[in-house]
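One structure is given below, encoded as structure tokens.
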Amino acid sequence: MSLLEVKDLSFAYKNGVQIIERINFTLNKGDCLAIKGPNGSGKTTLAKLLTRILRPTGGHILLEGKDISELTLADIGKKIGYVMQNPERQVFSHTVEEDIAFSLRHRGFKSEEVEKKIDKMLDFFELNRYRKTSPFILSRGEQQRLAIASVLVLEPKILLLDEPTTGLDPLRKKRLELMLRELYYNGTTLIVISHDHKFLSKLFNKELCIENGLMREDML
Ligand SMILES: Nc1ncnc2c1ncn2[C@@H]1O[C@H](COP(=O)(O)OP(=O)(O)O)[C@@H](O)[C@H]1O
Ligand SMILES: [Mg+2]
């Protein structure tokens with residue numbers, strides 16, 4: 001059984017414009033999928049469909065064999081960690097550590113466990129010195145790392161990142177690449193949306209290119 005299976009997926013916003021047209025792809029554990037395509041081609045829309053923020057107008061998305069339309073958002077969230085295109089919208093607590101802790105507490109982890117996991121994430125993402133700082137005064141790159149940390153701490157099977165290199169300098173990009181590589185080696189399945197083809201070419205074993213809502217199948 002595949003981890004994620006997308007079958008004849010179609011989507012139109014209410015204005016009727018068809019954004020996604022009969023897209024098909026399969027993702028197995030350990031895959032690293034790049035989703036490319038020009039601005040406005042439907043990449044973010046696809047991410048929102050995969051996380052059930054939007055509902056397809058046609059076709060199916062199966063997560064470990066189950067149609068996601070039958071799963072709750074919480075069930076999906078446990079399996080797919082989603083870092084949105086604008087990570088600053090994903091930070092919301094008074095302190096950096098609270099942002100990372102929030103969903104852990106929500107899921108009933110004990111305080112000790114929460115502390116351990118926070119420490120690990122703050123170290124890994126080099127955010128330790130901001131522990132008690134408001135996330136709203138961090139730089140974009142730092143907010144990005146925080147958004148990824150807050151999602152990763154839940155240990156999702158699939159990590160979905162939408163345009164993660166936006167606003168990152170070459171050094172930060174390199175670090176992000178190393179971090180993704182490490183996650184990949186540790187068994188996390190990755191989906192990375194980006195128009196930064198140079199960044200993508202370094203990591204991936206599958207790619208999907210969307211243009212005008214259509215997938216270019218020759219790219220797979
Ligand atoms: N809420 C919405 N309502 C109507 N059209 C939308 C909405 N969000 C995005 N679109 C349109 O859908 C198309 C694809 O957008 P998007 O998925 O954000 O593309 P990408 O992430 O590839 O840049 C664009 O033409 C955009 O204008
Ligand atoms: Mg987008």
Loop sites in the stretch 8-75: trypsin sites (Lys or Arg not before Pro), DSSP, at most 14 other Cβ within 10 Å:
14, 29
If each DSSP helix of 4+ residues adds -39,500 (n - 2.57) and the sum is divided by the residues in the chain, what number results at 222 nm, nearest 500 deg cm²/dmol?
-10000 deg cm²/dmol
Suppose each label sits 7 Å from its Cα in the direction of the beta carbon; what would the residue 86-residue 105 distance come out to in nanometres?
2.6
Filter the trypsin sites (Lys or Arg not before Pro) in the stretch 68-111 down to the DSSP loop ones having no more than 14 other Cβ atoms within 10 Å, then list what survives.
107, 110
In debye to the nearest 20, how big a dipole does the stretch 176-217 give about its Cα centre with +1 on each Lys and Arg Cβ and -1 on each Asp and Glu Cβ?
80
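Every read-out reported here was derived from the displayed coordinates using simple, explicitly stated rules and does not represent laboratory data. Note that the structure is a prediction, hence the values are computed from the model and not measured. No Cβ is skipped: glycine too gets one built from the backbone with ideal geometry, and neighbour counts run over all protein chains shown.
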